[in-house]
Amino acid sequence: MDHDIATSYQELNLTPKDEGHILRSTTDRFITILYATETGNAEEVAERIARLAYRRHIRVNLKNMEFYDKTDLVNETLVIFVVSTTGNGEFPAPARPFWQFLLRSNLPNDILSELDFTVFGLGDSNYPRFCWAARMLQKRLQQLGGNNWLEEGEADDQHYLGIDGALDPWLDSLKAKLDIVMPIPSGMEKIDDEALLPPRVYTQTTGAMPKDFTDPTKIHAKIIRNLRITSEDHWQDVRLLEMELDESIAKPAYRAGDIACLMPTNSEESVETLMSRLGWSESADLQIQLENTDHFRPLPEPLASENQQGSLTLRRLLTRYLDPFSVPRRSFFETIAHFSPPDHREHEKLQEFLRPGEGTDDMYEYAQRVRRTMAEVLYEFTSVSIPIKYVMDVFPMLRERQYSIASSPSLYGRTIQLLIALVSYKTRLQKPRQGVGSAWIASLTPSTRIPLRLISGSMLLPAQPTVPILAIGPGTGIAPIRSIVQERIATDPSAIDNTLVLGCRYSHRDFLLKAEWEMLADKSTSAGDDAEIDEQLASAVQSLAMRKPLIKLFVAASRDQSEKVYVQDVLRSQAALVWNILGTQRGIAYLSG
Ligand SMILES: Cc1cc2nc3c(=O)[nH]c(=O)nc-3n(C[C@H](O)[C@H](O)[C@H](O)COP(=O)(O)O)c2cc1C
């Protein structure tokens, strides 16, 4: 393979695992970086730490906690944890099994006595439990005998420089500490901070024609409807997305409360325009081969299988796997700065962006605050010319989006309904901003086939159908509640003790599926609204006519009156009922929003 850069990550600092065990001695210059992320910020920080270690020829095992073998922790000598907080002071979902493992009460108090560690937390001080996951982790590691090797850092989204506000100074102290503990061996030199590292994943065109590929890990569904369910005069576009799973999928295809994972794709036109800007159009449909030079971080699936099968092209990579139409993080500027000619004023500007303090502030002002996308940056910085082999290092991977299923399997069989609020807003930039996932959802037309995965959700039906429920759901939070309530109605009509407190702004604009809820509550609906009720649901309810109403409905339409009313106000005003359901009858509360 034609590598015109002398080193690869392997040559720089890596040796492969030997039969699953990491080869190293106590004098080895080796660190493990484990990150826990929900939306990718912690991963970006972890990668930055890895790069500064690579520059010092320190071997790095960088892993998402999700894929880390927990039992390896006792064999580690130095681990840097990068952990964001989600929910209300919780670990990101993929990292929860790791955290549960550490919480086991049977772990000896000195089990990690050989471990040096440090924690970098990411959070938002608007939340009462700021950086809670990172703080809990640090405490627990110390309880288990771990040695806090470097004072923890805490990034706050509210800092005017975003994550970099706390990260830059923390990285300085990390570098200083590494330089003391793991000095550069004699005969070697640190790779300059400004020098371009070799691509982590080499991308090369092979000249061959691509083969076909079907992802075996996904099932497929055909879009039936993509319907706006908020009124045209409402600011937010909320969709009811209905799809039918392939006939080959056995019923029941899912359970009430389950989650559909959809991978957005980028539009053909936007990919075409980007490739043309980058001068890649001619190679767009030729087969490409990815060579991963970092043994510790395999390519994610299904990209790895596609690569192996020879079906990848640049067009496919940019449409299905990479995310150039999202807002850049710092590493994007770090990489593209190398691809602008050194004597060009744009090169100077990109370098300026990377200077801590004022430079970072300028970068935030230019990109993150106004939500400029990477592609838009490239349309403005026209001197930047990215070699194809760096494509995987320049753009991050697209992420799967998870949506609570809003329909009941007993009523809808292989049909799945989702309720999705499209993200779209104005910034200083002329063109309105739209999320990558939202743009894709908005573009889905009937008959389109999409791949998806179905996973278990955390909302389960009560063990006994007679248990009363109190479900609280503002906005699209009603999705899993609808699935659960419909399932109760469809499978056990005796289970009619369903109390719902739903939230919206205006009852006539964004009370989602108003007519349907009113039908279940046996309230009269406005003329014309009946058309909005699904046939499946209407006929099921018809057959249960004697049992009406099937739900007790309370609606908090916050802006319908001069004084704002939210779901919590309704709960307060219905204190006796709430106590009856939860206290006296030992019912179950569902909260989703
Ligand atoms: C739904 C949600 C809940 C959050 N909850 C908390 C929290 O309880 N405490 C906190 O400090 N930060 C919280 N945050 C802020 C994130 O930790 C912060 O945005 C971080 O940069 C995300 O990193 P990630 O992309 O690696 O997940 C929350 C963010 C979201 C979107």
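Any read-out appearing in this document is the output of simple, stated calculations on the displayed coordinates, not a laboratory observation. What you see is a predicted model, and the numbers here were worked out from it, not measured in a lab. In this analysis, Cβ positions are derived from the backbone assuming ideal geometry, glycine residues included, and neighbour counts consider all displayed protein chains.
Shown is the FRET efficiency for residue 181 and residue 352, computed with R0 = 41 Å from the Cβ-Cβ distance and rounded to the nearest 0.05: 0.80.
Measure nothing fancy, just the Cα-based angle from helix 478-491's long axis to the longest principal axis of the chain, in degrees from 0 to 90, nearest 10. Long axis of 478-491 versus the principal axis of the chain: about 50 degrees. Remark on region 54-148: hydrodynamic radius 14.0 angstrom, per the Kirkwood mean of 1/r across alpha carbon pairs. Restriction of the GluC sites (Glu not before Pro) in region 258-363 to DSSP coil positions whose beta-carbon has at most 15 other beta-carbons within 10 angstrom yields no sites.
Can you sort 558, 173, 539, 483 from fewest to most other Cβ atoms within 10 Å of each residue's own Cβ?
Details: 558 16, 173 13, 539 10, 483 28.
Result, fewest neighbours first: 539, 173, 558, 483.
A simple spin-label model places the labels of residue 124 and residue 289 4.5 nm from each other, with each point 7 Å out along Cα-to-Cβ. From the P(r) of region 42-96, could you give the percentage of C-alpha pairs in the tail past 19 Å? Every Cα pair in region 42-96 considered, those over 19 Å come to 36 percent.
How large is the convex hull of the C-alpha atoms of region 82-134 per residue, in Å³?
Values: hull volume 4.7 nm³, N = 53.
Output value, Cα hull per residue: 89 Å³.
Restricting the calculation to alpha carbons of region 441-593 gives Rg and Dmax of 16.3, 49 angstrom.
Taking only the alpha carbons of region 297-346, we obtain Rg and Dmax values of 14.8, 43 Å in that order.
Applied to region 378-390, the Karplus parametrisation 6.51 cos²θ - 1.76 cosθ + 1.60 on θ = phi - 60° returns per-residue 3J(HN,Hα) values of 5, 6, 8, 8, 6, 7, 6, 10, 8, x, 3, 5, 9 Hz, with x for Gly and Pro. Note the angle between two axes, namely the Cα long axis of helix 268-278 and the longest principal axis of the Cα atoms of the chain, as a number of degrees from 0 to 90, rounded to the nearest 10. Rounded to the nearest ten degrees, it is 20. Apply the Debye scattering formula to region 156-259, with a single equal point scatterer on each alpha-carbon and no solvent, then give log10 I(q)/I(0) at q = 0.11, 0.23 Å⁻¹. At q = 0.11, 0.23 Å⁻¹ the computed log10 ratios are -0.91, -1.33.
Taking the alpha carbon gyration tensor of region 421-507, multiplying each eigenvalue by 5 and rooting it gives semi-axes of 34, 18, 11 Å, largest first. The fraction of all Cα pairs in region 271-428 landing in successive 5 Å bins from 0 to the largest distance is 1, 8, 14, 17, 16, 14, 12, 9, 5, 2, 1, 1, 0, 0, given as whole percents.
Per-residue ellipticity at 222 nm computed for the chain from its helices equals -7500 deg cm²/dmol, with DSSP H segments shorter than 4 residues left out and the rest contributing -39,500 (n - 2.57). Here region 231-330 is treated as a sphere whose radius is the Kirkwood value from Cα pairs; by Stokes-Einstein at 25 °C and 0.890 mPa s it diffuses with a coefficient of 142 µm²/s.
With the convex hull drawn around the C-alpha atoms of region 324-401, the volume per residue stands at 92 Å³. Listed cross-link partners 222/389; 431/523; 426/564; 251/548 are compared with a 32 Å cut-off, the Cα-Cα value being larger for 222/389; 431/523. Annotation for region 363-414: GluC sites (Glu not before Pro) lying in DSSP loop with at most 15 further Cβ atoms inside 10 Å of their Cβ are 400. Per the Cα gyration tensor, region 182-228 maps to an equivalent ellipsoid with semi-axes of 47, 20, 13 Å, ordered largest to smallest. Fraction of C-alpha pairs exceeding 36 angstrom in the chain: 45 percent, rounded to a whole number.
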